[in-house]
1. Does residue 179 count as within 19 Å of residue 69 (Cβ to Cβ) and either among the basic types (Lys, Arg) or surrounded by 15 or more Cβ atoms within 10 Å (Cβ to Cβ) (or both)?
2. Within segment 134-154, does at least one residue satisfy the condition of being modelled with pLDDT of 75 or more, over 29 Å from residue 63 (Cβ atoms) and assigned to a loop (DSSP other than H, G, I, E, B)?
3. Do the conditions hold for residue 163, that is, is it of a type in the set (Lys, Arg), in contact with a Leu (Cβ under 7 Å, 6 or more places away or on another chain) and in a helix (DSSP H, G or I)?
4. Of all residues in segment 75-125 being hydroxyl-bearing (Ser, Thr, Tyr), surrounded by 13 or more Cβ atoms within 10 Å (Cβ to Cβ) and more than 30 Å from residue 169 (Cα to Cα), which is modelled with the lowest pLDDT?
5. Show the residue pairs that are 6+ apart or on different chains and have beta-carbon atoms under 7 Å apart, the first residue being within segment 80-94 and in contact (Cβ under 8 Å) with a residue 40 or more places away in the chain and within 13 Å of residue 149 (Cα to Cα), the second being among the charged types (D, E, K, R) and assigned to a helix (DSSP H, G or I).
Amino acid sequence: MLSSRAKGVIMFFVVLVSLFILLAGVGVLMQLLYEYAAISNKGGWLNFVGFMLFFAFILLVSGTVFNLNTYSEQIGKSVELDKINSFEQTYQVRSDNLTKEFAHYLAGVYPDHEKDIFSKIEPGKLDVYLVKYPELQASKTIVELVQQVRSLQDDIYKQRLERAQTIRDMRYNVRSPWVLQWMMPNVAIPEK
């Protein structure tokens, strides 16, 4: 079974060869029109019309290729958006688990009256606890745990930025005046 990338490359070459054959056919037609015009001395308007038809054909073919590229890009962005969402969820679960480990450690070290405070710990606020309880910085395990959570939170923010960029690109494709909207795939674009 071929991968989607290989199928895309094969499809690109099929379209490229098809366009070459079409252009060659139009070129032969132009040559025949020129020869007919040269023999019958009707060169002026017939050559102009032939040139305009050739130019219109080139615009039609290039516009179709552009729209097919945008169609493919929109589908690719949809798949990329699903990937970004799954990465973000994975990072969030891992960050929450590490935060629970941090809270469990703090609840074991500190008196029972602070357990309710530690049960409300959020991944983005672990640095606050390191500042509030400086003796925690003596534990390498806690410091490494906080660094891992910080790294995961950074990854989550990067994924959110990437998702926002992807959604912006998808919305542009839907609203672009240069794209034939009836050719666009019916892909759901999230609000946020």
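1. Yes.
2. Yes, because at least one residue in segment 134-154 is modelled with pLDDT of 75 or more, over 29 Å from residue 63 (Cβ atoms) and assigned to a loop (DSSP other than H, G, I, E, B).
3. It is true that residue 163 is of a type in the set (Lys, Arg), in contact with a Leu (Cβ under 7 Å, 6 or more places away or on another chain) and in a helix (DSSP H, G or I).
4. In this case the residue turns out to be 110.
5. From segment 80-94, the pairs are 91/155.
The values are calculated or read from the model by the stated rules, or taken from the named source; none is laboratory data. Please read these numbers as outputs of a predicted model, since none were measured by experiment. Glycine also receives a Cβ, built like all others from the backbone with ideal geometry; neighbour counts cover every protein chain displayed.
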